[in-house]
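Here's the structure we're looking at; comments come further down.
All of the numbers you see were taken from the coordinates with simple rules; none came from a lab. Note that this is a predicted model, so its numbers are computed, not measured. Backbone-built Cβ (ideal geometry, glycine too); neighbour counts: all protein chains shown.
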Amino acid sequence: MFDTIVIATDGSASVRRAVRVAVDLADRFDASVHALYVVDAGDVETAPERLRDEMRDALRERGEEALADVRAETDHDITVAIREGRPSGEISNYAREVGADVVAMGTRGRHGENRFLIGSVAERVVRTCPVPVLTVRQLEENTTDDLLAGDAD
């Protein structure tokens, strides 16, 4: 059912659970796993021109750290990539390029006005991606991860 899974990461805490869920899914279906980090071109472009190269380098370094975190979650062989552009578009393009069956990504679970004020890459990917998107909500800090522990009903 799933041959290729793409994990979109930004290195945040909300992605950690999505990584675990995606890797578990990959193990169950013997699927290949790709992890993608997107350097947000908007962040680079809004920096003062004299700082853009430094900003790009810093964001790429953050991406390498985020991808290393994904690799550290499993012994599964993971293909990694860093792209630059609009995150939602780059995630969709990458999924199409690698023939992904699903894109997994974390979400902080914001809703209502906060979602509209802050914006949501996950929401845009869900609306525009050509393949199914599995959004995995970050659990509260004191909540156990019963689903991954196998205690789900």
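What residues have an amide H closer than 5 Å to that of Leu134, excluding those fewer than 5 places away on the same chain, when H is modeled at 1.01 Å from N in the peptide plane?
Val103, Ala104, Met105
With θ set to phi - 60° and the Karplus curve 6.51 cos²θ - 1.76 cosθ + 1.60, what are the ³J(HN,Hα) couplings of the range 38-46 in order, to the nearest whole Hz, using x for Gly and Pro?
So the Karplus estimates, Gly and Pro as x, are 10, 6, 6, 4, x, 5, 5, 5, 7 Hz.
Given the C-alpha atoms of the range 1-110, compute the convex hull and give its volume per residue in Å³.
98 Å³
With label points built 7 Å along Cα→Cβ from the Cα atoms of Glu73 and Arg28, find their separation and express it in nm.
Between Glu73 and Arg28, the simple spin-label model gives 1.5 nm.
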